[in-house]
C-alpha cells in the first residue's frame, strides 16, 4: 500500500498525472498523453497486417444493450449508470436547496438511457449482430475507448476512468482461438520491445459475490482468460497490462450472432490497458522520457 | 426535422456514424476519426505559437468540484451524474430480480463521486487554483475531452457524448479579452481554410427555466459569448462549431484563483466542437473524403 501511494505521489510530483481529489480519476500531462499515443501507434503496427475494421465508440453505451449483455450479473459493483435531472422550475429550486444545505440531491436524478462503457467491446456486439450473419472467415474489429469501473484505489494502475484498446475477433471456435494464440505471441513481442519485464498467466475476471467465486474458478479451469502481467506498483503483485479472452459463444448467444454457415459465432479479444502500459514504462524507465533508453525511444518515436 | 433525420441517415448509410439505438450516442468509423484527428492537428498548428500547457482529463470529473462550479444552477437539465451499486449478495439478487422482470432497478444505484464532464474546462479551474496565484502574464491551457450533455436529438450535430477541444486563458481582464479577440480572428481563418461557409454572432448558453431566460439575455447584452456558426443540418439554423467565451471573474471567484498581483483572475476560452466540424466537412464536401477538394485535402493531410 505504501509502495502504491508512493508511486502515485511520484507521478503527481513529476506532473505526469494530476490529482482531481477522487482516487482513480486523474488528469494527464502532455508527456503522458504522448506516450499513450506512441504506444497506440505501436499496437497498430503490430496488428496492421490483419486489416481490422476501425470503430470508435464514445465512453457511454445504450443502457438496454448493457442490461442484455449480462454485465450486471457478473460485475454489478463496477458498473456506472448515468442519471439526469428531468424536472421543472420547482424541481430545480428543490435541487438547489438540497445542494446549498449540503444534502443528498441524488433523489432528483433519474436513470438515463446511457451507461458508462465497462470494456471497449461491449457496444460492438449488438452493432455487429445488426449486420446479419458474419461473412466467411468472420470479422475483426479495432476498438479504443475510455472505460469506467467503480473501484476507487490509490494504485495508479487501477483507475476508475481509463482507456482500453481492443482487437475483437468473431467467427468459428477455431478462428477465434487462432486469433487469441497469435496475439498471445505478439503481445509478448510487443512488451518485449518496450523493454519491460513480464509474465503471462491464466487469470479470471473479478466476478461479484459468492456465486462469483465459482464463476472465477470455472473461468480459470477452462483457460478462458490469460493476462500479460508487468510489475507496476509492486514486484509481488504485478499488474495485468494485456488480456487475451475467449468468450466461447457467450456474446454470440446473447446477440444472436451467427457465422456464415449459420452456427452461433464464437468471439475472442485482446485488450490493452493503455494507462497501465504507460505507467509500466514510467515505472521501469523513469518519469523523464528524454532519459529513456535510446533503443526504446527509437521503437516509440522512430 | 426531416432534413436532420435525412443527414443522420446519410451518415449511417455511409458508415461514418453507427447507430447505437440511443439518439445522440453514436459509434464512429475509422474515416470519421481520421477527420477528427486531422482537424485536431490543424487546431494545434493554429495555436502552437502560444505554447499552451497540454492537459487531458478523462470524461468524468470530481462531483464536489462540479457542485461548486455553479453548473447545476445554470444547466441542471444537461448534467449526467454517475451512479453505482454498493450492495451485497442480497442486494445483487434483488437487482437481478428487478432486471429480469423488466422493472426499474435504479433505486439500487447510489450517486458516486464522479460526474460526467459537461465542458472540457470544468476540471481545469480547481486544478489551476491549487497551484496558487497565476504567474506574471497568467496561464494558457490546451484541453480535449469527451463531454456529456443530456439532450437526446435526431440532429447529428447535437450529440449526448462528443469531444470538445479548448484553449483556456487565465489572467487579467485585458489578457483574457486579447486572447479571445485573437481566437475570434484565428477561428475565422481556421474554418476558412476548411472551405466552409460561416458567420460569427453573439450568442447565449442554454440556461435552464424561467430565471435562465434573464441570464441568457444578460449574457448577450454583455457580449460574453460569440459563436462561429456553420450550416450543418439546416441552412436556416446553422450550428455553433466554435465558441469564444469570456467568463469575467466567475471561475476566478468560484475557485479563489488570483493573478500575480493578487487580483481575482479573469478567464476566457475558445471551444472547438470536434464532431460538429467533422460533420460540417462531410455536409459541405461530401461523405467520401477521397473526393474532397485537393486544396482541402492538402490542408488536412499535408
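The values are calculated or read from the model by the stated rules, or taken from the named source; none is laboratory data. Quick caveat, the model's predicted, so the values are computed rather than measured. As a convention, Cβ positions derive from the backbone with ideal geometry for all residues, glycine included, and neighbour counts pool all protein chains shown.
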Go through region A:1-110 and tell me which strands (runs of 3 or more DSSP E), entirely inside it, have 3 or more residues that are facing chain B (nearest Cβ under 10 Å) and closer than 30 Å to residue B:37 by Cα.
A:26-29, A:53-56, A:60-62
Residue A:223 passes all but one of (1) under 22 Å from the mean Cα position of the chain (by Cα); (2) free of Cβ contacts under 8 Å to residues at least 12 places away in the same chain; which number fails?
(2)
Is it the case, given these coordinates, that residue B:131 is under 30 Å from residue B:261 (Cα atoms), more than 9 Å from chain A (Cβ to nearest Cβ) and buried (at least 24 other Cβ atoms within 10 Å of the Cβ)?
no
Go through B:67, B:33 for me and flag whichever is assigned by TED's automatic domain parsing to the domain that holds residue B:16 and either in contact with a strand residue (DSSP E or B) (Cβ under 7 Å, 6 or more places away or on another chain) or in contact (Cβ under 8 Å) with a residue 60 or more places away in the chain (or both).
B:33
Of (1) farther than 25 Å from residue A:281 by Cα; (2) in contact with a strand residue (DSSP E or B) (Cβ under 8 Å, 6 or more places away or on another chain), residue A:94 satisfies all except one. Which?
(2)
If you go through region B:150-161 one residue at a time, do you hit one that is facing chain A (nearest Cβ under 9 Å), under 30 Å from residue A:89 (Cβ atoms) and over 13 Å from the mean Cα position of the chain (by Cα)?
yes
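Anything in region A:115-128 that is within 9 Å of chain B (Cβ to nearest Cβ) and closer than 19 Å to residue B:12 by Cβ? List them, or say none. First the steps, then the outcome.
Initial filter on region A:115-128 (within 9 Å of chain B (Cβ to nearest Cβ)): A:116, A:123-124, A:126-127.
If the condition is that a residue be within 9 Å of chain B (Cβ to nearest Cβ) and closer than 19 Å to residue B:12 by Cβ, then A:123, A:124, A:126, A:127 are the ones that fit.
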Looking at region B:200-218, is at least one residue over 15 Å from residue B:74 (Cβ atoms), buried (at least 19 other Cβ atoms within 10 Å of the Cβ) and in contact with a helix residue (DSSP H, G or I) (Cβ under 8 Å, 6 or more places away or on another chain)?
no
Sort through A:19, A:88, A:37 and tell me the only one that's surrounded by fewer than 14 Cβ atoms within 10 Å (Cβ to Cβ) and touching a helix residue (DSSP H, G or I) at 6+ places or on another chain (Cβ under 8 Å).
A:88
